[in-house]
Amino acid sequence: MILPDFKDFPRAGRVIGVDWGARRVGVAISDPSRQMVFVRPVILADDADDLIQKIVTLITDENVSGVVVGLPLRMDGTASDTTKNVRAFVNALAMRMDVPICMLDETLSSMSAQESMGRVRVRDIKQKLDSESARVILENALAIINRQ
């Protein structure tokens, strides 16, 4: 089920953060207490169905109670073509599992993730940035949930 906000989001259990990308999907997962967030290797998929299956498997294997997906909006808050692709991904994911999903504006999450990575080689940035962005998205979501 897709939730409009975090008001009815589960208050306990692991949460997965997802940074959708056309080529790579970044993933981060919280511990059950939601005190720490761990990046996971990016997910590469052959097509949309393969991607959904890999994420559903990860959610099942990690016993996840909720999913947060970064929603890429323009700086003025309007939707882009990528926003439409992410919403389609979230709809397809929601049809394949029964775990609540929330979307969170991911504006500047990649910049924040890159800053937290410090000085690294360009090759390393490309390999790790997506999951670091998922970490930022998830940490932001957990902060919102904890404030409610």
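Name, by its number, the condition in (1) under 20 Å from ALA143 (Cα atoms); (2) among the polar types (S, T, N, Q); (3) surrounded by fewer than 18 Cβ atoms within 10 Å (Cβ to Cβ) that does not hold for SER65.
(3)
Please indicate, with yes or no, whether at least one residue in the stretch 16-31 is within 13 Å of the chain's Cα centre (by Cα) and among the polar types (S, T, N, Q).
yes
Among ILE16, ILE2, which is the only one that is crowded, with 19+ Cβ neighbours inside 10 Å and not polar (S, T, N, Q)?
ILE16 is the lone residue from the list that is crowded, with 19+ Cβ neighbours inside 10 Å and not polar (S, T, N, Q).
Return the total of residues in the stretch 57-98 being over 21 Å from ALA45 (Cα atoms), touching a residue at least 40 places away in the same chain (Cβ under 8 Å) and not in a strand (DSSP E or B).
Qualifying residue count for the region: 2.
Suppose the filter is over 14 Å from the mean Cα position of the chain (by Cα), modelled with pLDDT under 90 and β-branched (Val, Ile, Thr); does THR82 pass it?
So THR82 passes the test.
Any idea which residue in the stretch 133-142 is modelled with the highest pLDDT, counting only those that are out of contact with any strand residue (DSSP E or B) (no Cβ under 6 Å at 6 or more places or on another chain) and surrounded by fewer than 24 Cβ atoms within 10 Å (Cβ to Cβ)?
LEU142
Please tell me if ALA28 is at pLDDT below 95 and either closer than 12 Å to VAL67 by Cα or of a type outside the set (Lys, Arg) (or both).
no
Just name the residue that is nearest to ILE144 (Cα to Cα) out of those in the stretch 23-48 that are touching a helix residue (DSSP H, G or I) at 6+ places or on another chain (Cβ under 7 Å) and part of a loop (DSSP other than H, G, I, E, B).
For the stretch 23-48, the residue satisfying everything is ARG34.
The values are calculated or read from the model by the stated rules, or taken from the named source; none is laboratory data. Quick caveat: nothing in here was measured; it's all calculated off a predicted structure. Glycine gets a Cβ as well: all are built from the backbone with ideal geometry, and neighbour counts include every protein chain shown.
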